[in-house]
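Contents: one structure, followed by commentary.
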Amino acid sequence: MQLLRSNGSVTETVYLVKGERFYSHQGKLQGMLLTATDISELRHRELALRQSEVELQKAKAEADAANQAKGDFLANMSHEIRTPLNAIIGYTKLCLNLGLEGKLQDYLYKVDVASHSLAHLINDVLDLSKIEAGKLDLESVTFSLIQVLDNVRHVLVLDMAHKPIDFQVNIDDSVPHNLKGDPLRLQQILVNLAGNAVKFTEKGEVTIRVSLDSRANDPDIMLAFVVRDTGIGMTPRQLARLFDIYHQAEQSTTRRYGGTGLGLAITRKLVDMMGGDIDIQSEYGVGTSCRFRVSLQQGDPAQVPDAGISASPVQQTALSGCRVLVVDDNAINRDMVGELLGGLGVVVDTAASGEEALVQVGSVTYSVILMDIRMAGLDGLETTRRIRERPESRSVPIIALSASASHSTQVACLDAGMNDYLSKPLDMQRLIQRIAHWADPGRNKIAGQPETVSAQLAENEGTLQKTAAVFNPDGALMLLNHNHRVYRRLLAKFLEQVDERASQLSSDGSAKKRYFAIHSMN
Ligand code: ADP
């Protein structure tokens, strides 16, 4: 409002004018009282505020656009980097399989390791940018918890190969095995936490424990996981900034162990997205315990995908047409391996003893021999020595199969002339991988060296343990890669054998009772 002053000038001052009528006692309008308050200052502030609000909006829009551009750039770059990187990883693997010798093989091995850690880093960066842009969607599919935990174990096996670490997985009986949620993201959380546990532990134990935290409205359940290690631990100061992006406990830790400091930040965000929480306790020099909860649903067992036993295209090429001799005095083992490999186009011969094996090796050229170690008569070690004495079978790959994973057994196997070592119970997928590896004429000689053996040893030591389970059908199915058909056949065969053996037993009541207890469970 502009006011005309008595001197004729016009003010630019802003007034707030309030008018009030006033009346006589008789109620007659007498006049009006006008009060003008100078609110120029207030008005200016209001205008300034509006102006800065507009500017703020503009700046926010610009920042959002920049952020979006950064996210898109990161996503594009990660993709662009991943494509050539996959080629590097793939071709390096092919070169490694050529079985080159000496330095060349060593350099390729280093390229292989480095390219895998680069791929890991890029995946982390991509995940983080996706989560921050709200673009990471969780899946909701039915899955097997055992399968997820087994995958975690497979991922960590190599990292544990050179360390005396006892790796255990315990699942409480109350935990349902068939769940609904995002198995890959759950696996990622577990691999991050258990991967750190293994990375920062030189010796001792790494355990994963799963329990049922609470059962909300059916079918919702809250599962609690604890990943515990006896490693280097952290100080309270290090713990305080643990979930910060790019944060690592100490520079010296980074130099020694590597890493990006992204793992826990991503882990926390994934746990949040799964409606859970995470808490890490640690004592410097003693160990670390990471507890997290995630909300999942109980899954319908009928919908759990049947993983089946399969060979990758490269493995399939190596396997097709090759001929394998299975030497084992246990009919179930011979059957199981025969059934599995037969289905993959491998010709399988079997021998029930070392003596039988020697006869067969004399008349057929095998691509690979699978050799049980403990057999009546000629044992696997002696049979191998005799095979190696023959010039024509000096180089046939022999893979030991043994229930004992002790170091002395591995050494004895290598000394006897075997190339590789697999421990029982046999993991079928791994068996395929090793046979494909050795059956390939350009095989990688490195794999027969002790690190493979100790990787297998670590794997065996970490065999999934289900608390208080005597007969573990889930574990058995897992070892057969959830091939229900083979599982049923082997179970029937096993029961036949049990019956035979039970009738051979003397009238020892307690032994019989045990057999029948197992029998009646099925
Ligand atoms: P990184 O990729 O570096 O391992 P993380 O976010 O997973 O990144 O971990 C951040 C840091 O926290 C690590 O560098 C390490 O210093 C510390 N840390 C994580 N887990 C453990 C553990 N189990 N024991 C000791 N230190 C750990």
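Is it the case that the range 202-225 has a residue that's more than 22 Å from SER282 (Cα to Cα), away from the ligand (no atom under 14 Å from the Cβ), small (Gly, Ala, Ser) and buried (at least 18 other Cβ atoms within 10 Å of the Cβ)?
no
Look through the range 98-133, keep the residues that are assigned to a loop (DSSP other than H, G, I, E, B) and in contact with a Gly (Cβ under 6 Å, 6 or more places away or on another chain), and return whichever of them is least open to solvent (accessible area, probe 1.4 Å). Outline the logic, then answer.
The initial filter retains those residues of the range 98-133 that are assigned to a loop (DSSP other than H, G, I, E, B), namely 98-101, 133.
Cutting the leftovers down to in contact with a Gly (Cβ under 6 Å, 6 or more places away or on another chain) gives us 98-99, 133.
Working: LEU98: 111, GLY99: 12, ALA133: 56 Å².
Among them, the one singled out is GLY99.
Just to be sure before I move on: is LEU136 modelled with pLDDT of 80 or more, open to solvent by less than 50 Å² (accessible area, probe 1.4 Å) and not in a helix (DSSP H, G or I) in the structure I sent? Spell out the reasoning first.
On the way: modelled with pLDDT of 80 or more: yes; open to solvent by less than 50 Å² (accessible area, probe 1.4 Å): yes; not in a helix (DSSP H, G or I): yes.
In short, yes.
Output the residue which, of all residues in the range 236-261 that are within 10 Å of the ligand (Cβ to nearest atom) and at pLDDT 85 or above, is least open to solvent (accessible area, probe 1.4 Å).
For the range 236-261, the residue satisfying everything is GLN238.
Would you point out which residue out of ALA36, ALA48, ALA69, ALA59 is modelled with pLDDT under 90, part of a helix (DSSP H, G or I) and either hydrophobic (A, V, I, L, M, F, W, C) or loosely packed, with under 11 Cβ neighbours inside 10 Å (or both)?
On the way: ALA36 fails: part of a helix (DSSP H, G or I); ALA48 fails: modelled with pLDDT under 90; ALA59 fails: modelled with pLDDT under 90.
After ruling out the rest, the residue left standing is ALA69.
Return yes or no: is GLY275 more than 16 Å from the ligand (Cβ to nearest atom), open to solvent by 40 Å² or more (accessible area, probe 1.4 Å), modelled with pLDDT of 90 or more and small (Gly, Ala, Ser)? So that I can check it myself, show each step before the final result.
On the way: more than 16 Å from the ligand (Cβ to nearest atom): yes; open to solvent by 40 Å² or more (accessible area, probe 1.4 Å): yes; modelled with pLDDT of 90 or more: yes; small (Gly, Ala, Ser): yes.
Criteria met by GLY275.
Would you mind listing the strands (runs of 3 or more DSSP E) fully within the range 320-417 where at least 3 residues are open to solvent by less than 10 Å² (accessible area, probe 1.4 Å)? Walk me through it before giving the result.
Numbers: elements: 323-327, 347-351, 368-372, 398-402.
Answer list for the range 320-417: 323-327, 368-372, 398-402.
The values are calculated or read from the model by the stated rules, or taken from the named source; none is laboratory data. Because the structure is a prediction, the values reported are computed rather than measured. We place every Cβ from the backbone using ideal geometry, glycine too, and count neighbours over all the protein chains shown. When the accessible area is computed, the model is the full protein with side chains, heavy atoms only, and any ligands, DNA or RNA have been set aside. Shrake-Rupley method; radii C 1.70, N 1.55, O 1.52, S 1.80 Å.
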